[in-house]
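Everything on this sheet refers to the single structure shown next.
Just so it is clear, none of the values below were taken in a lab; they were calculated from the coordinates. Here the structure is a predicted model, which means the values were calculated and not measured. All Cβ positions, even for glycine, are placed from backbone atoms using ideal geometry, and neighbour counts span all protein chains on display.
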There are 2 protein chains.
Amino acid sequence: MKKTIITIEREYGSGGRGIGKKIAEKLGIKYYDGELLSLVAKESGYTEEFIKQNDQKRTQSLLYHLYIGSQILPASDMIFIAQSRVIKDLYNKESCVIVGRCADYVLRDCDDVIKVFIHAPLESRMERVKNGYGEKAENYKAYVQKKDKSRIAYFNYFADDSWGRADAYDITVNSDVGIDKTVDIIVDYIKAKQGE
Amino acid sequence: MKKTIITIEREYGSGGRGIGKKIAEKLGIKYYDGELLSLVAKESGYTEEFIKQNDQKRTQSLLYHLYIGSQILPASDMIFIAQSRVIKDLYNKESCVIVGRCADYVLRDCDDVIKVFIHAPLESRMERVKNGYGEKAENYKAYVQKKDKSRIAYFNYFADDSWGRADAYDITVNSDVGIDKTVDIIVDYIKAKQGE
């Protein structure tokens, strides 16, 4: 198989991570999401703990800081820049599946990257978060919606407004068809795109 | 196979009609897009010619007319209402593929409808419109973009703002993977959704 980079964005509770892992397993390639942190730590010099704490903290926009020529960027922006470098390095180096981290945006100009989006109806996602992931919440609807909101805000802050827009992806799937079937369909798409 | 209704929305030049026809053929079910017109004519009492002329003419919003209690709706709105009735009748009656006509919106509350969106990069669509459909234009980029705009405006006028948003569909595909492969992937999804 040719070198294959697959990015996966996903609604919270849609099973995107599990789908990403299974795709990587099926294709015999590496899988990254949280695993990126240790690479980002190496690149940025921050500890993994510090990155986890500052990752989602957003201040003024990154462009604003670059524009005013600020010498010291907020930690979250430094982390995003280091993370983008790690993602581009991975792209140049090896076949892999990268879940989240705006990887589709970071690699937006790379035509050979296969961009995937996974979603599911809110009810299915509430059910999966509760009984699949075993997460505790008083109000699962509010919990899932808040997680979605934070994910989209992260994307909009560092990337653009293309989150969840069909034309930003090669394939998008409602995972209610079943996790394994979703994996099969996406692997099928990848193989066709690679001319196999 | 269980009764299966598939709606397809598509960017102009993405090959959506051809894909819809092939899906219908593969599943051995009926295909509708322009063919709906004769059914709409029967339902509305208008001639097909009159429908073609007035179909895309939009005036004040349909809701506005309903709100002010206007007894006489513009022809385009009457046509849309008749068309919605025809689509709902088809849904109740037979397995079929319906391309365009806001069918996904008309059947938005029917969970068993499989909703598909087809898109492709602008360059591929310009190429297909020129050499595939053999349409004549001075500026193919402007031509395709204008057609898209008019399609989206039609959708936004009669339906909602969900056009092209991944979560409004069961599956969306970039048809650059190939028309036949796109058909295969969607048929595969449909069969999985039907529990086959």
>> Restricting things to Cα coordinates, could you compute the convex hull volume per residue of the stretch A:142-196 in Å³?
In response: 102
> Applying 1/(1 + (r/R0)^6) with R0 = 25 Å to the Cβ-Cβ distance of B:Glu94 and B:Phe50, what FRET efficiency is obtained, to the nearest 0.05?
Replying inline: 0.40
> Ranked by Cβ crowding within 10 angstrom, fewest neighbours first, how are A:Tyr169, A:Tyr133 ordered?
Replying inline: A:Tyr133, A:Tyr169
> What do the square roots of 5 times the Cα gyration tensor eigenvalues come to for the stretch B:127-171, in whole Å, largest first, as semi-axes of the equivalent ellipsoid?
Replying inline: 26, 14, 7
>> Based on the alpha carbons, how large is the Rg to Rh ratio for chain A when Rh follows Kirkwood?
In response: 0.97
>> Please list, in order along the stretch B:102-116, the HN-Hα scalar couplings obtained from phi with the Karplus expression 6.51 cos²θ - 1.76 cosθ + 1.60 (θ = phi - 60°), rounded to whole Hz, x for Gly and Pro.
In response: 6, 4, 5, 6, 4, 9, 4, 8, 9, 5, 7, 7, 9, 9, 10
> Which distances in nm, rounded to one decimal and ordered from shortest, link the label point of B:Pro74 to the equivalent label points in the other identical copies, with labels set 7 Å from Cα toward Cβ?
Replying inline: 4.6
>> Based on C-alpha coordinates, I'd like the Rg and Dmax of the protein assembly as shown, in Å.
In response: 23.0, 73
> Shortest first and in nm to one decimal, what separations exist between B:Asn54 and its copies in the other chains, measuring from label points 7 Å along the Cα-to-beta-carbon line?
Replying inline: 6.5
>> Run the label-point distances for A:Lys149 please: 7 Å along Cα to Cβ, every other copy, nanometres, shortest first.
In response: 3.6
> Going by how many other beta carbons lie within 10 Å of each one, how would you line up A:Glu43, A:Glu94, fewest first?
Replying inline: A:Glu94, A:Glu43
> In Å and whole numbers, how far do the C-alpha atoms of the stretch A:86-196 stretch along each principal axis, longest first?
Replying inline: 45, 33, 24
>> With θ taken as phi - 60° and the coefficients 6.51, -1.76 and 1.60, list the Karplus ³J(HN,Hα) couplings across the stretch B:91-97 in order, rounded to whole Hz; mark glycine and proline as x.
In response: 4, 6, 9, 8, 5, 6, 10
>> Through the Karplus equation 6.51 cos²θ - 1.76 cosθ + 1.60, θ set to phi - 60°, convert the phi angles of the stretch B:40-53 into ³J(HN,Hα) values in whole Hz; use x for Gly and Pro.
In response: 5, 4, 4, 5, 8, x, 6, 7, 4, 4, 4, 4, 4, 5
